[in-house]
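Asker: Have a look at the structure that comes next, please.
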Amino acid sequence: MPPYVLRTALLGARCASRSRLLQLQKRHTYRLLSTLPCFSLEGKTCIGDASQGLGKEMLTAFACSGAHGAVVDLSLTSANASIKEINAEVQQSANLPAANLRGYECDTGNEAAVKATFKRIVDDFGTVDVLVTNAGITGGAPAEDYPFEDWQKMLQVNLNGTFLFAREAGKFMIEKGVKGSIIMISSMSGTIVNRPQKQSAYNTSKAATAHLMKSLAAEWAPHGIRVNCLAPGYIQTTVNEGAEMEKLSKEWIPHIPLARIAKPEEFRGTAVYMASDASSYLTGAQIIVDGGYTIL
């Protein structure tokens, strides 16, 4: 019996007796991959931005762990394209049914748009258990030459957008008694000053995000709502590939103990841990995943 067939049989036997399940396992030499049940996101409704890179990897990890939910993007076309790619991996690599994912178009820096989008998500799914605030922009220039309009845009997207979606999720979870998990994507740049690039606005937006996380974690802990930050180091994505990234990488890598740039998929495990009951006592924490860059 092929492994995927046995997997289907075992899943279908959830309601059968334990003895029947043991018979199936003894009859065949194949064995399912197993892990602690607390890492499962089965039946959880998650919201995340999945336009590219890290956001899509996190939602893929959630879907492969049993979750369903909302894929938010500036473009509905892009959101739906991400859903197609996510479910292709769920079905082909994880041998699971397609996840119930729906796309939503939203400018996360627009208060009215965030409120309307969050309401539609709740109307469609009935609840929200996990929120990932991943929408963000990068960029930099010497501070003395940095246009104020660019500074405002950086804070609008990276900080205001994070607050607006977190506020809607927190209010809903408090009212409905949902003991949810809110994961804000900050950066090691909120803890240290990067070199050699000059990016004061970006660093400021990520440091503010981390402190916002701590503030909300303290406010919402009495309601059983956990708020944490995932802070990546340097990540290689299709967006930042090119000569400039290659040049900067040569300067960064000597300062990274693991001696390489991260791949987006390497953040999947951390994201599932933070979203699931496996991290039930984790709140107000910033988990830095940077290959050791900030320890030197």
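Asker: Taking the chain as the reference, fit the longest principal axis to its C-alpha atoms, fit the long axis of helix 53-64 to the helix C-alpha atoms, and give the angle between the two in degrees, 0 to 90, nearest 10.
Answerer: In the chain, helix 53-64 runs at an angle near 20 degrees to the longest axis.
Asker: With a 10 Å cut-off between alpha carbons and a GNM built on the chain, which of Asn158, Asn80, Asn100 moves the most?
Answerer: Between Asn158, Asn80, Asn100, it is Asn100 that shows the largest mean-square fluctuation.
Asker: Hey, what angle do you get for helix 18-27 against the long axis of the chain, alpha-carbon based, 0 to 90 degrees rounded to 10?
Answerer: Result, in degrees: 90.
Asker: I would also like to ask the following. To the nearest 0.05, what FRET efficiency results for Asn80 and Ile253 with a Förster distance of 51 Å applied to their C-beta separation?
Answerer: Calculated transfer efficiency: 0.90.
Asker: Place the peptides 172-179, 128-135 in order of packing, highest mean first, counting for every residue the other Cβ atoms within 10 Å and averaging per peptide.
Answerer: 128-135, 172-179
Asker: Additional query: With an 8 Å Cα cut-off and a minimum separation of 6 or more residues, compute the relative contact order for the stretch 36-147 in percent.
Answerer: 29 percent.
Asker: Using only the Cα atoms, what convex hull volume per residue in Å³ does the chain have?
Answerer: 154 Å³
Asker: Given the options Ala112, Ser186, Leu36, identify the residue whose Cα lies farthest towards the positive end of the charge dipole of the chain (+1 on Cβ of Lys, Arg; -1 on Cβ of Asp, Glu).
Answerer: Positive-most Cα among the choices belongs to Leu36.
Asker: What angle do you read, to the nearest 10 degrees and between 0 and 90, between the alpha-carbon axis of helix 76-92 and the longest principal axis of the chain?
Answerer: Around 40 degrees separate the two axes.
Asker: Here's something else I'd like to know. What is the extension gain from Glu219 to Ala278, computed as 0.36 nm multiplied by their sequence separation minus the C-alpha to C-alpha distance, in nm to one decimal?
Answerer: So the chain would gain 19.1 nm between Glu219 and Ala278.
Asker: Next question. Can you give the FRET efficiency for Asp145 and Ala112, using 1/(1 + (r/R0)^6), R0 = 22 Å, r = Cβ-Cβ distance, to the nearest 0.05?
Answerer: The formula returns an efficiency of 0.05 here.
Asker: Could I ask something else about it? Looking only at Cys38, Cys229, Cys46, which one moves most when the chain is put into a Gaussian network model with springs between Cα atoms under 10 Å?
Answerer: Of Cys38, Cys229, Cys46, the Gaussian network model singles out Cys38 as fluctuating most.
Asker: Quote to one decimal, in nm, the extra length available between Asn95 and Thr237 on full extension: 0.36 nm per residue of separation minus the C-alpha distance between them.
Answerer: 48.5 nm
Asker: Further, regarding this structure: Please arrange Ile137, Ile225, Ile295 by accessible surface area, largest first, computed with a 1.4 Å probe and ligands excluded.
Answerer: Descending order: Ile295, Ile137, Ile225.
Asker: Comparing Arg268, Arg195, Arg226, which has the greatest mean-square fluctuation in the GNM of the chain with Cα pairs linked when under 10 Å apart?
Answerer: Fluctuation is largest for Arg195.
Asker: Please list Leu36, Leu74, Leu41, Leu101 from largest to smallest accessible area, probe radius 1.4 Å, with all protein chains kept in place. Present the calculation step by step, with values, prior to reporting the outcome.
Answerer: Working: Leu36 105, Leu74 125, Leu41 0, Leu101 25 Å².
Order by accessible area, largest first: Leu74, Leu36, Leu101, Leu41.
Asker: Report the extension gain between Lys119 and Phe39 in nm, rounded to one decimal, defined as 0.36 nm multiplied by the number of residues separating them, less their alpha carbon distance.
Answerer: 26.0 nm
Asker: Which value, in debye to the nearest 20, describes the size of the charge dipole of the stretch 65-211 about its Cα centre when Lys and Arg Cβ atoms bear +1, Asp and Glu Cβ atoms bear -1, and nothing else is charged?
Answerer: About 360 debye.
Asker: Take every Cα pair under 8 Å in the chain that's 6+ residues apart, average their separations, divide by the length, and report that relative contact order as a whole percent.
Answerer: Working: 495 pairs, mean separation 52.2, N = 296.
Once divided by the residue count of the chain, the mean separation gives 18 percent.
Asker: Here's a follow-up. How far apart, in nm, are the 7 Å Cα→Cβ label points at Glu266 and Lys179?
Answerer: 3.4 nm
The values are calculated or read from the model by the stated rules, or taken from the named source; none is laboratory data. Model, not experiment: these values are computed from the prediction. Reconstructed Cβ throughout: ideal geometry from the backbone, glycine too, with neighbour counts over all protein chains shown. Surface accessibility is based on the protein's heavy atoms, side chains included, excluding ligands, DNA and RNA. Shrake-Rupley method; radii C 1.70, N 1.55, O 1.52, S 1.80 Å.
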